[in-house]
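Asks: Starting off with a structure, shown below.
The values are calculated or read from the model by the stated rules, or taken from the named source; none is laboratory data. Please read these numbers as outputs of a predicted model, since none were measured by experiment. All Cβ positions, even for glycine, are placed from backbone atoms using ideal geometry, and neighbour counts span all protein chains on display.
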Amino acid sequence: KLVVLGSVNADHVLSVPRFPKPGETLVGSGYHIAYGGKGANQAVAAGRTGADIAFIACVGSDDIGARMREQFAADGIDTQAVMAIEGTTTGVAMIWVSADGENCIGISAGANAELTPARLQPHLPLIADADVLLMQLESPLSTVEAAAQTARIAGTKVILNPAPAQALPESLLRLVDVITPNETEAQALTGVVVDTEQDAQKAADVLHTYGISTVLITLGARGVWVSEQGKGELIPGFRVQALDTTAAGDTFNGALVTAELEGLPLRQAIRFAHAAAAISVTRSGAQPSIPVRSEVDAFLAA
Ligand code: ADP
């Protein structure tokens, strides 16, 4: 069984010809709301690919929070620990996408900031009973650390996707079994600028010093650098026509855990996760782009 702890955001997306200047109003197009948030994306990726998964998160006491909660259940997620917090709004990301594909994002944490250690407390048994706990960094750090502590004591494996990029206290890193940064996040954690494979191993070596046994540095289209006990190798991804890489990393993380829980060895689990993530980059949006199991199986069989 898997527990994901993390954020829920409604992404409000507007395409603009270019970014407006201060004081300027521009006419945009293609406005839509897509369900996102790193925690929710990873939970959905795990749910759609078939994991037995519960999600610990906070949404607001608003309509969109209620609708997202329903969608989580439809995606195969146990939502008993998805809390609707009275008087708050569901997390929001306001995203402008310019014609040349750049984006500009403002985030309101909203209910995500309410996932405090006190609110986590009643759900700690879920973590203690799970095989794997998967987290990111869009939730209060004190809560992430409290969850990791419970997991460590109970023998639940802790997988941390350290996104968005930031430095982390050693007290948290010491509780992590598997870490999955991208290049930017690896640099924020270790100070090593990750460009070449040698750099990736250097960053991994720093992370191993905290007792993290498995380091997976995702390298976008290149794949992932995997290091265990100071020995690393590149597991290449799949070649696809990328349309929108939003949630690629999230899909990778969620699908990776599904495969691990099914008992696949690490390299095969990574291959499964690469396939799911590759499908997601051929589609636009966060959760709308995440494939279901039959799609991943068909992709791998092709
Ligand atoms: P993040 O989205 O967190 O920045 P990455 O960009 O490193 O993470 O991508 C995570 C994973 O998504 C990669 O390891 C790979 O499996 C897949 N992926 C990302 N970009 C592409 C791409 N252009 N083509 C194929 N797979 C991709």
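Asks: Go through (1) farther than 27 Å from L134 by Cβ; (2) acidic (D, E); (3) modelled with pLDDT of 95 or more one by one and return the number of the condition D100 breaks.
Replies: (3)
Asks: May I pose another question? From the list A242, A273, A248, which one is of a type outside the set (S, T, Y), within 16 Å of P288 (Cα to Cα) and within 14 Å of the chain's Cα centre (by Cα)? Working first, answer last.
Replies: Numbers: A242 fails: within 14 Å of the chain's Cα centre (by Cα); A273 fails: within 16 Å of P288 (Cα to Cα).
Among A242, A273, A248, only A248 is of a type outside the set (S, T, Y), within 16 Å of P288 (Cα to Cα) and within 14 Å of the chain's Cα centre (by Cα).
Asks: Hey, another quick one. So A221 ticks every box in (1) farther than 22 Å from A43 by Cα; (2) near the ligand (Cβ under 9 Å from one of its atoms); (3) modelled with pLDDT of 95 or more but one. Which box is left unticked?
Replies: Looking at each condition in turn, A221 falls short on (3).
Asks: Pairs, please: C-beta under 9 Å, at least 6 apart or cross-chain, first residue of a type in the set (K, R) and in region 218-242, second surrounded by 14 or more Cβ atoms within 10 Å (Cβ to Cβ) and in a strand (DSSP E or B)?
Replies: R222/L234
Asks: Another question, if that's okay. Can you tell me how many residues in region 237-263 are within 9 Å of the ligand (Cβ to nearest atom), part of a loop (DSSP other than H, G, I, E, B) and either more than 19 Å from R48 (Cα to Cα) or of a type outside the set (S, T, Y) (or both)?
Replies: Of the residues in that region, 7 qualify.
Asks: Please go through region 164-207 and pick out each residue that is assigned to a loop (DSSP other than H, G, I, E, B) and either hydrophobic (A, V, I, L, M, F, W, C) or more than 16 Å from the ligand (Cβ to nearest atom) (or both). If you could, list the steps in order and put the result at the bottom.
Replies: Residues of region 164-207 assigned to a loop (DSSP other than H, G, I, E, B): 164-169, 174-177, 180-181, 191-196.
Once the filter is applied, which keeps residues that are assigned to a loop (DSSP other than H, G, I, E, B) and either hydrophobic (A, V, I, L, M, F, W, C) or more than 16 Å from the ligand (Cβ to nearest atom) (or both), region 164-207 yields A165, A167, L168, P169, R174, L175, V176, D177, G191, V192, V193, V194.
Asks: Residue check, Y210 against (1) more than 9 Å from the ligand (Cβ to nearest atom); (2) touching an Asp or Glu at 6+ places or on another chain (Cβ under 7 Å); (3) closer than 27 Å to V44 by Cβ, all met but one. Which one?
Replies: Only one criterion is unmet by Y210, namely (3).
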